[in-house]
Amino acid sequence: MIQSEAPDHAPLEVRPRETRRSRTVFGLILLAVLILLPLSRPLIGGPFNYVMQIVTIALMWITLATSWNLIGGYAGYISLGNNVFFGIGGYVGGTLLVYQGWSPFLTAPLAGLLGMAVGVIVGLITLRTRGPAFIIATIALLLMASLVFDNWDLVGGANGLSLPLPDWPRQWVRVPFYSAMALTALASVLLSWKVAHSKLGLGLRALAQDETKAEVLGINTRRYKIIAYALSAALPAVAGSIWGYFLTYLRPSVFFTISIAAQMVLMAIIGGRGTVAGPVLGAVLLVGVNEVSVAQFGSSELNIVVTGAILLIVLLFFPLGIVGSLRSRRRLPGFLDWD
Amino acid sequence: MLLHVDQVTAGYRSGPDILQGLSLDIEENRTYCIIGPNGAGKSTLLKVIGGLLTARSGSIRFRDEEVTGLRPDQLLGRGVCFVPQDPSLFPKMTVRQNLVMGAFLEDDKSVVRSRIEEAFGLFPVLAEKANQAAGTLSGGQQQMLLMGRALMIKPTMMMIDEPSLGLAPQAADQIFETIAGLSDLGITTLLVEQSVERGLNVSDWAFVLDLGQKRFEGPSDEILEDPRIGELYMGKAPRIE
Amino acid sequence: MIQILILGLLLGGVYALMASGLTLLFGVMRIVNLAHGALMVVAAYVSFFLFTELGIDPFLSLVVTMPTMFLVGVVVYRWLFTRLEGTDRYSEMTVLLTFGLALVIEGLLGYFFTGIFRSTSPGYATNSFIVGDLFIPRGQLYGSLTSLALILGLWLFLNFTKTGYAIQALTQNRTAAQIVGVNVRRVSTLSFGIGMALAGAAGSLLSYLFTFFPGQHWQWIALLLSLIVLGGLGSLAGAVVGSLLLAVLAAFVSNWLGSTWSPMTFYLALFIILLVRPQGLFGEKETV
């Protein structure tokens, strides 16, 4: 049976020069803004700390959504509990700080490696079968982690662990977190781009379309899936250790809730699953929307309803997400075309 | 004219057109064979006629009734039956249960029972294995079960996609003997077959497809002898002088 | 020891009911219904309000919840899932769809009914039969018997009616079912409705067997999904056997390590079965 499709993106296409140029220009502008933002205190004045905070949050979600996209977008394996690694990273960073005095900024890469290791182990077990079992396992994993951390006295159980505050000048206290998160987010996007343009990415896309055919073509689907999953585990772990420190406390309910998982998924999907720019766009959008809606309506159950409703609407009517839909209509502006 | 296919285009999901304006006519009570290189659209054509795939344009008329876009169960009601290429048995059901499922649209139980007996008559090996799970049969036996099941509904027209695929030569021979006998039962047969010689040997008329269109048609024995077609579509090795 | 076994078996019967709907939906339509737990909780609320407002016993409320949930299932399937028919990556899309559905349901339940823990409290919920040294909690017993009766009914339906056969056919080979004349859409819709009706029944039983609240459904769904993977996705027998087995195991774990850890039994069982026999107890190895 012949199965072919209009591609929703062609990563190896050589982009026309205008696209590449506008994309590079946009990238440079973003980079400049990121670098200069911390220095803009005199310009912004009062709201500086708030701006730092919200941008840091956005950068964190960019990391989470982009890394989710590696397994959920490129490989098509929906992981509904990827924030489990976020939490593992948070706890690793926080616990090492409390018990050993090591700064989470230094241990973040270690957290990342640990997250990756857990990802590999879980992947080895759960990626032996096709989709459904994997998805179920990711949910179970999240709930397992939630249960374990809720009852683990070493890390404070359900009450969590309080982390010592860094003793930097109050004016600049947000900046290191911002920088660390910015680096992580940058790393995620670069990784996403690299994967998309690599043999790994090609293989993942193939198995997302039709795993049987991909296997028949000689692609080692299991290895590719595990790599993607491990990568998607490493970055949230790094982000998590920074985030825990930022919050100055660790608690299972901060990391291991389904709504965080839902947000990650939603961001990647709204932006455009399987694209590089999509999750970034989705993350920025949703963080903005959340800020506005919390300011207007206050946080409540309706938030969950709205998240779910948006997910449904996007799935039914805009399954390719913003970037994907624009691209399929050939209307994707150059600066958003990062593939 | 039993079946009239008129300028049909069709493809899979959002992909390109596999069938590109294909037309052909089928007369009653003959056996037809469709041949052509890979990708020509042979299986796609059967799927479109059989309702498993919707045509994007064009029309299909069966007994002078517009049947484009009808579902398989609706086509079955009109006597059109399809034996696809992929194994389509119910592996956990017994041979007998599979046959019963073949007559799914038939409500009269006694009719169903008598037809099962007929199927057993045609394929004695099925009678032997009547209570065995279909998934445990050999390739050839499974193919026989598929045909037996297709016959349960007493079809007017039967479409068979690559019946000999994956079968040992002896099993394939048996299948083709059965196919040859279908017109005696009053069934018009539309066959897609990769093993060109076999296919042309059991059929009266052949359609040669390429790139989603019908290129040639003619009596099977003539097509078999035509050297031009032989080189282009049957992959006969060029002779080294 | 026997006491724990009994408690486990009784609970397992109810789990089996919950899992049966879920596995049916997967078997027939390859849908992993992440909203199953949420829908059970909805039914639990219905039974709760019928009990507190109208004094209707949870068992009687089955008469309301089952048909209602059946209709809900039919409508949801028609509105939402049929739109996805034939799209690429159907199984991914349906998972995400049910995920979104679960979120919406949870949010609405929380909004209207708040997060207060609820439970219906008919008389039998708290007393037991005493047989020798053993306590047989009445509520669990009735629940278990009802569950098994419903599962038996399902089994009879699947094996002795034409539609039931069609459902089995659809589970075994979708294309084959089409070509023998099964109206796939109609049978799928019906199956979805049946799955929902079973969830509805489970919810009514849940209302007095456990305390419930909106956010609880994630624990349920994780548990049930683990069960059906263990039993074999799509297998009714697997759902029943898996449920009984794991419920008994969990009862022992609960006894030895405390009830906090009993959910772990299910999660660990999931990972173990994926390691040892990924297709589940009654499932079949995936063929290329």
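One table, with the values for the structure above:
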quantity	calculated
Set B:Thr188, B:Thr136, B:Thr178: member being at pLDDT 85 or above, over 17 Å from the mean Cα position of the chain (by Cα) and of a type in the set (Ser, Thr, Tyr)	B:Thr136
Hits in the range C:81-104 - residues which are surrounded by fewer than 20 Cβ atoms within 10 Å (Cβ to Cβ) and at the interface with chain A (Cβ under 7 Å from one of its Cβ atoms)	C:Arg83, C:Asp88, C:Arg89, C:Ser91, C:Met93
Conditions (1) modelled with pLDDT of 85 or more; (2) farther than 21 Å from A:Pro109 by Cα; (3) surrounded by 15 or more Cβ atoms within 10 Å (Cβ to Cβ); (4) out of contact with any helix residue (DSSP H, G or I) (no Cβ under 6 Å at 6 or more places or on another chain): number failed by A:Gly156	(1)
Test: residue in the range A:213-222 that is surrounded by 21 or more Cβ atoms within 10 Å (Cβ to Cβ) and touching a residue at least 24 places away in the same chain (Cβ under 8 Å)	no
Complete set of residues in the range B:130-170 that are crowded, with 19+ Cβ neighbours inside 10 Å and touching a Gly at 6+ places or on another chain (Cβ under 8 Å)	B:Gly148, B:Arg149, B:Ala150, B:Leu151, B:Met152, B:Ile153, B:Pro155, B:Met157, B:Met159, B:Leu167
Subset of the range B:134-144 [within 11 Å of chain C (Cβ to nearest Cβ) and either touching a helix residue (DSSP H, G or I) at 6+ places or on another chain (Cβ under 8 Å) or acidic (Asp, Glu) (or both)]	B:Ala134
Selection within the range C:167-226 - of a type in the set (Ser, Thr, Tyr), modelled with pLDDT of 90 or more and under 30 Å from B:Leu53 (Cα atoms)	C:Ser188, C:Thr189, C:Ser191
Residue that is within 14 Å of chain C (Cβ to nearest Cβ) and either more than 25 Å from C:Phe99 (Cα to Cα) or under 23 Å from the mean Cα position of the chain (by Cα) (or both), where the choices are A:Gly93, A:Gly131	A:Gly131
Selection status of C:Gly27, more than 18 Å from the chain's Cα centre (by Cα), on the phi < 0 side of the Ramachandran plot and within 14 Å of chain A (Cβ to nearest Cβ)	no
Residue count for the range B:64-92, restricted to those that are assigned to a loop (DSSP other than H, G, I, E, B) and either more than 7 Å from every other protein chain (Cβ to nearest Cβ) or without any contact (Cβ under 8 Å) to a residue 40 or more places away in the chain (or both)	11
Condition broken by B:Ile153, with the remaining ones in (1) at negative phi; (2) modelled with pLDDT under 85 satisfied	(2)
Number of the exception - A:Ser259 against (1) over 13 Å from the mean Cα position of the chain (by Cα); (2) away from chain C (no Cβ under 11 Å); (3) among the small types (Gly, Ala, Ser)	(2)
Matching option when the condition is assigned to a loop (DSSP other than H, G, I, E, B) and either over 29 Å from B:Arg63 (Cα atoms) or among the hydrophobic types (A, V, I, L, M, F, W, C) (or both), among B:Ile160, B:Ile116, B:Ile153, B:Ile179	B:Ile153
Options C:Gly143, C:Gly107: the member that is over 30 Å from A:Ala268 (Cβ atoms) and either within 14 Å of another protein chain (Cβ to nearest Cβ) or in contact (Cβ under 8 Å) with a residue 12 or more places away in the chain (or both)	C:Gly143
Tally, over the range B:182-201, of residues that are part of a helix (DSSP H, G or I), touching a strand residue (DSSP E or B) at 6+ places or on another chain (Cβ under 7 Å) and not hydrophobic (A, V, I, L, M, F, W, C)	2
Count of residues meeting criterion [free of Cβ contacts under 8 Å to residues at least 12 places away in the same chain, over 18 Å from B:Leu191 (Cβ atoms) and not basic (Lys, Arg)] in the range B:1-43	3
Entirely in the range A:18-135, the helices (runs of 4 or more DSSP H) that have 1 or more residues that are surrounded by 24 or more Cβ atoms within 10 Å (Cβ to Cβ)	A:48-68, A:83-100, A:104-126
Tally, over the range B:90-129, of residues that are of a type in the set (Gly, Ala, Ser) and surrounded by 15 or more Cβ atoms within 10 Å (Cβ to Cβ)	4
Conditions (1) crowded, with 18+ Cβ neighbours inside 10 Å; (2) touching a residue at least 60 places away in the same chain (Cβ under 8 Å); number of the one not met by A:Leu165	(1)
Condition broken by C:Thr120, with the remaining ones in (1) buried (at least 21 other Cβ atoms within 10 Å of the Cβ); (2) within 14 Å of chain A (Cβ to nearest Cβ) satisfied	(2)
Any hit, the range C:66-87, residues being in a loop (DSSP other than H, G, I, E, B) and at negative phi	yes
Search result, residues across the range C:146-166 that are within 18 Å of the chain's Cα centre (by Cα) and either within 14 Å of chain B (Cβ to nearest Cβ) or of a type in the set (Gly, Ala, Ser) (or both)	C:Ser147, C:Ala149, C:Gly153, C:Leu158
Residue within the range B:44-63 that is more than 14 Å from chain C (Cβ to nearest Cβ), touching an Asp or Glu at 6+ places or on another chain (Cβ under 9 Å) and crowded, with 17+ Cβ neighbours inside 10 Å present	yes
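Here's the yes/no breakdown for (1) touching a Pro at 6+ places or on another chain (Cβ under 7 Å); (2) within 21 Å of C:Arg83 (Cα to Cα); (3) free of Cβ contacts under 8 Å to residues at least 40 places away in the same chain:
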| site | (1), (2), (3) |
| --- | --- |
| A:Met264 | no, no, no |
| A:Ala277 | no, no, no |
| A:Val287 | no, no, no |
| A:Val294 | no, no, yes |
| A:Leu302 | no, no, yes |
| A:Thr307 | no, yes, no |
| A:Leu315 | no, yes, no |
| A:Leu320 | no, yes, no |
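The values are calculated or read from the model by the stated rules, or taken from the named source; none is laboratory data. Since the structure is predicted, the reported quantities are computational estimates derived from the model, not experimental observations. We place every Cβ from the backbone using ideal geometry, glycine too, and count neighbours over all the protein chains shown.
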